[in-house]
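Enquirer: One structure is given below, represented as structure tokens, and several questions about it will come after.
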Number of protein chains: 2
Amino acid sequence: MEPSHSTKQTSDTAILIDEPSRSTRGKSAAPVAIAAKTKGGSYQKGGWGRGIAIFDLILRVAALVAALAATTTMGTTDQTLPFFTQFFQFQASYDDLPAFSYFVIANAIASGYLVLSLPFSIVCIVRPHATGARLLLLIFDTMLVAFTTAAAAAAAAIVYLAHNGNQNTNWLAICQQFNDFCQKVSGAVVASFIAAVIFIVLVVLSAIALRRR
Amino acid sequence: MEPSHSTKQTSDTAILIDEPSRSTRGKSAAPVAIAAKTKGGSYQKGGWGRGIAIFDLILRVAALVAALAATTTMGTTDQTLPFFTQFFQFQASYDDLPAFSYFVIANAIASGYLVLSLPFSIVCIVRPHATGARLLLLIFDTMLVAFTTAAAAAAAAIVYLAHNGNQNTNWLAICQQFNDFCQKVSGAVVASFIAAVIFIVLVVLSAIALRRR
């Protein structure tokens, strides 16, 4: 029994020695990382921020795709009915309704902003501690949440009316005639809502990065 | 001339002595504030965060007033025309149009959220370094930016249609008959947009506080 007892004691001692050495290393690492940026400390902190920044860039590209899809779908959709009277042809396009025109403009502006914001997002990848660029992105992202949501909601209200009409106001549904047009417009509205949700996620990501730096 | 020269020299010396003592005090205060929270350092830092937190609370109350005004104006407005046929009376109220119903629900939810968020805002005044509460408020505020903007934009699209009508879709303007109803609804939409703008300012304020802590 003697040898086994001795090995147990050794392993206990080894753990006892290991524990405090690890804890003191952890304690000393924190101030050193702030003061002199040692390899271990700054790499771990930078990696966290860099992960968020790369995810930010990917989401920005996804939002750009969604906003561009919304703009082009709404902007290029028009439908001409196969019958016409002596005086005019029945045609529907986005500029018949002001809400759809605003939708195209707002999503085009959102696409332009997203392209311009890509370099700032890359700056945040290269320098995860650059809080100025991140705060700037957060402020503009918040404004574009409102902008794209407003466009999508206004268009959605009109599309709903076009689909269902309204008896109380005597507004008739036009989607029975312009079915193809209505379906494409609905798709554009969904794409714009996706872009708005991605903007919300971008704002939350930036806030987490600002807190964790 | 002798006494005046001596006094000038004295004052110069006094400044020279004063300057370095002030700068060293400033330099020593920064690390001490982090390590042990001396009175001067933590008071200044806490004061900055506390100022933002108090402004946050005031804005929250203002947004609550705007959201409540939007809800009650839209919810209580109805207009009955002074003439009627044998079968029905001409009446307009918010539940005639789905966009207005959503508007009332969304602004009621926003009012409820604002009341619930007041204690968290007060926590941020008492403890300016509590970043958890601030991050939580920022995330929910961002969602409510989208929520209230969507409600306001959808209602605005319908009100615009009610005011002007649309020739291309044969939707006639109803505000010539229901003038009083349309004006009150327009007021509610403006109040909701004000609430949305205040939410954007709240998000930006929280982000600045997270960065400056």
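Enquirer: From (1) farther than 25 Å from B:F193 by Cα; (2) touching a residue at least 24 places away in the same chain (Cβ under 8 Å); (3) facing chain B (nearest Cβ under 8 Å), pick out the condition that doesn't hold for A:A151.
Expert: Condition (1) is where A:A151 drops out.
Enquirer: If the Cβ limit is 9 Å and pairs must be 6+ apart or interchain, which residue in the stretch B:125-139 that is farther than 16 Å from B:V204 by Cβ pairs with which residue that is outside any helix (DSSP H, G or I) and at pLDDT 85 or above?
Expert: B:A133/B:R127
Enquirer: Right, next: Can you tell me how many residues within the stretch A:192-213 are in contact (Cβ under 8 Å) with a residue 24 or more places away in the chain and open to solvent by 20 Å² or more (accessible area, probe 1.4 Å)?
Expert: Applying the first criterion (in contact (Cβ under 8 Å) with a residue 24 or more places away in the chain) to the stretch A:192-213 yields A:192-196, A:198-203, A:205-210, A:212-213.
Adding the requirement that they be open to solvent by 20 Å² or more (accessible area, probe 1.4 Å) leaves A:193-194, A:198, A:200-201, A:205, A:208, A:212-213.
Within the stretch A:192-213, residues that are in contact (Cβ under 8 Å) with a residue 24 or more places away in the chain and open to solvent by 20 Å² or more (accessible area, probe 1.4 Å) number 9.
Enquirer: State whether one or more residues within the stretch A:108-115 are closer than 20 Å to A:S186 by Cα and touching a residue at least 60 places away in the same chain (Cβ under 8 Å).
Expert: yes
Enquirer: A further question on this structure: Among (1) open to solvent by 10 Å² or more (accessible area, probe 1.4 Å); (2) within 15 Å of the chain's Cα centre (by Cα), there is one condition A:G187 misses while meeting the rest; what is its number?
Expert: With respect to (1) open to solvent by 10 Å² or more (accessible area, probe 1.4 Å); (2) within 15 Å of the chain's Cα centre (by Cα), A:G187 is out only on (2).
Enquirer: Every residue in the stretch B:188-209 that is more than 26 Å from B:F120 (Cα to Cα) and in contact with a helix residue (DSSP H, G or I) (Cβ under 6 Å, 6 or more places away or on another chain), please. Working first, answer last.
Expert: Just the residues of the stretch B:188-209 that are more than 26 Å from B:F120 (Cα to Cα), to begin with: B:188-190.
Within the stretch B:188-209, B:A188, B:V189 meet the criteria.
Enquirer: Return the residues of the stretch B:125-146 that are among the hydrophobic types (A, V, I, L, M, F, W, C), more than 7 Å from chain A (Cβ to nearest Cβ) and surrounded by 21 or more Cβ atoms within 10 Å (Cβ to Cβ); say none if nothing qualifies.
Expert: B:L137, B:L144
Every residue, every condition in (1) under 15 Å from A:V104 (Cα atoms); (2) modelled with pLDDT of 95 or more, yes or no:
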{"residue": "A:A162", "(1), (2)": "no, no"}
{"residue": "A:N168", "(1), (2)": "no, no"}
{"residue": "A:V190", "(1), (2)": "yes, yes"}
{"residue": "A:V201", "(1), (2)": "no, yes"}
{"residue": "A:R211", "(1), (2)": "no, no"}
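Enquirer: Return yes or no: is A:G165 small (G, A, S), touching a strand residue (DSSP E or B) at 6+ places or on another chain (Cβ under 6 Å) and surrounded by fewer than 19 Cβ atoms within 10 Å (Cβ to Cβ)? Before you say what the answer is, go through the steps one by one.
Expert: Numbers: small (G, A, S): yes; touching a strand residue (DSSP E or B) at 6+ places or on another chain (Cβ under 6 Å): yes; surrounded by fewer than 19 Cβ atoms within 10 Å (Cβ to Cβ): yes.
Taking the combined requirement at face value, the residue satisfies it.
Enquirer: Which ones in the stretch B:156-213 are in contact with an Asp or Glu (Cβ under 6 Å, 6 or more places away or on another chain) and at the interface with another protein chain (Cβ under 8 Å from one of its Cβ atoms)?
Expert: B:N168, B:V203
The values are calculated or read from the model by the stated rules, or taken from the named source; none is laboratory data. Source: prediction; values computed, not measured. Every residue, glycine as well, gets a Cβ built from its backbone with ideal geometry; the counts of neighbours run over all protein chains shown. Ligands, DNA and RNA are excluded from the accessible area calculation, which covers all protein heavy atoms including side chains. Shrake-Rupley method; radii C 1.70, N 1.55, O 1.52, S 1.80 Å.
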